[in-house]
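To start, the structure under review is shown below, and the notes come after it.
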Amino acid sequence: MKRDFLHVTDFSTDEIHETFAIAAEVKERFKRREEYRPFSGCTMAMIFAKPSARTRISFETGFFRMGGHALYLGPTDISIGKREAVKDIARVVARYNDVIMARLFDHAHVLELAKFASVPVVNGLTDYNHPCQIMADLFTILEHRKTLNDLKIVYVGDGNNIVHSWLEMACRLPIHFVCACPENYQPDQQTVKLARDEGISEIEISHDPMHAAKDADIVYTDVWASMGKKEEAEQRRIDFRGFQVDDALMAATGKASLFMHCLPVERGVETTDSVVESPASIVFDEAENRMHAQNAILLKLFGKA
Ligand code: CP
Ligand code: NVA
């Protein structure tokens, strides 16, 4: 049975912990520039319907460094769902490749891709979620804090795909997760309910970022207008007034908190240059760890770890 990674919840709690251990090991091998080629002779098709820096570079570089070959298929190459049906692309691409990584708009499309592809499919972001990002994020937190116990994560901003994957993570690992967002920009209610019903994490939705920030170990933010919503950027700058992560908000935690952002960041919008450049910021460790966490996920999907 092939396995996919479309949601954080596709992995069990144990598998998530194992993935972090594998990521740490793979990272060490990379740092030593060790000859390590578990994907030798394998190819990965990377389907991008949206732009990307980190996702493309980390998957392509990581797969190559581990012996494989990755193909970049950009928005105009196969036009998934437009030039050709998702279920057709799934079967065609799977005939040539050992794994498919896809960044798509519609979450239903990544589900369909996985359903019809005979090879593993990895979700590289949809409008709904971004599971690889949150795996890398929690791995980064573990590196910095050495433990995931008693972790309060305060996300400030849009209740978007990043939040949904944090909520998926909250279904598997116990965290105190607060999403501080404007009233009209809340995460998907069903996903919030799912995380609450799982009963292992504390989930709060707040509309008061300063209050929410108190005791945060991690302050996390993301763009106010995600890919596909860029035409709303101007309106959102008005609607998100008071939700910028600035030095005052970081100070409001009352702790030596860390700052995270999945990137790309719009400095001066959802956060300030001074926060991104502050010693509390671990955004570039977070970006680097995309590669190591994803390699670990791929090793698990290939049954090589
Ligand atoms: N964080 C992230 O996924 O970045 P890209 O959009 O550049 O891939
Ligand atoms: N929420 C952002 C994340 C980018 C990595 C977006 O979807 O554009």
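The values are calculated or read from the model by the stated rules, or taken from the named source; none is laboratory data. These numbers come from a predicted model, not from an experiment. No Cβ is skipped: glycine too gets one built from the backbone with ideal geometry, and neighbour counts run over all protein chains shown. Heads up: the accessible areas ignore ligands, DNA and RNA and are worked out on the full protein's heavy atoms, side chains in. Shrake-Rupley method; radii C 1.70, N 1.55, O 1.52, S 1.80 Å.
Numbers for the structure displayed
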item	result
Selection count, segment 215-234, where residues are in contact with a strand residue (DSSP E or B) (Cβ under 6 Å, 6 or more places away or on another chain) and either open to solvent by 10 Å² or more (accessible area, probe 1.4 Å) or of a type in the set (A, V, I, L, M) (or both)	5
Which listed residue is open to solvent by less than 60 Å² (accessible area, probe 1.4 Å), of a type in the set (K, R) and over 22 Å from G254 (Cβ atoms), from R237, R172	R172
Residue that is at pLDDT 95 or above, of a type in the set (D, E), more than 14 Å from ligand 1 (Cβ to nearest atom) and within 13 Å of the chain's Cα centre (by Cα), where the choices are E168, E112, E143, E183	E168
Those residues of segment 120-149 which are open to solvent by 20 Å² or more (accessible area, probe 1.4 Å) and aliphatic (A, V, I, L, M), in sequence order	L142, L148
Residues (surrounded by 15 or more Cβ atoms within 10 Å (Cβ to Cβ), among the aliphatic types (A, V, I, L, M) and within 16 Å of ligand 2 (Cβ to nearest atom)) located in segment 54-104	M101, A102, L104
Sole exception among (1) within 16 Å of ligand 2 (Cβ to nearest atom); (2) free of Cβ contacts under 8 Å to residues at least 60 places away in the same chain for D273, by number	(1)
Members of segment 162-196 found to be closer than 16 Å to I141 by Cβ and of a type in the set (S, T, Y), listed by number	S165
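Yes or no, residue by residue, for (1) surrounded by 23 or more Cβ atoms within 10 Å (Cβ to Cβ); (2) touching a helix residue (DSSP H, G or I) at 6+ places or on another chain (Cβ under 7 Å); (3) within 21 Å of P51 (Cβ to Cβ):
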position	(1), (2), (3)
V245	yes, yes, no
S257	no, yes, no
C262	yes, yes, yes
G268	no, no, yes
I282	no, yes, no
A305	no, yes, no
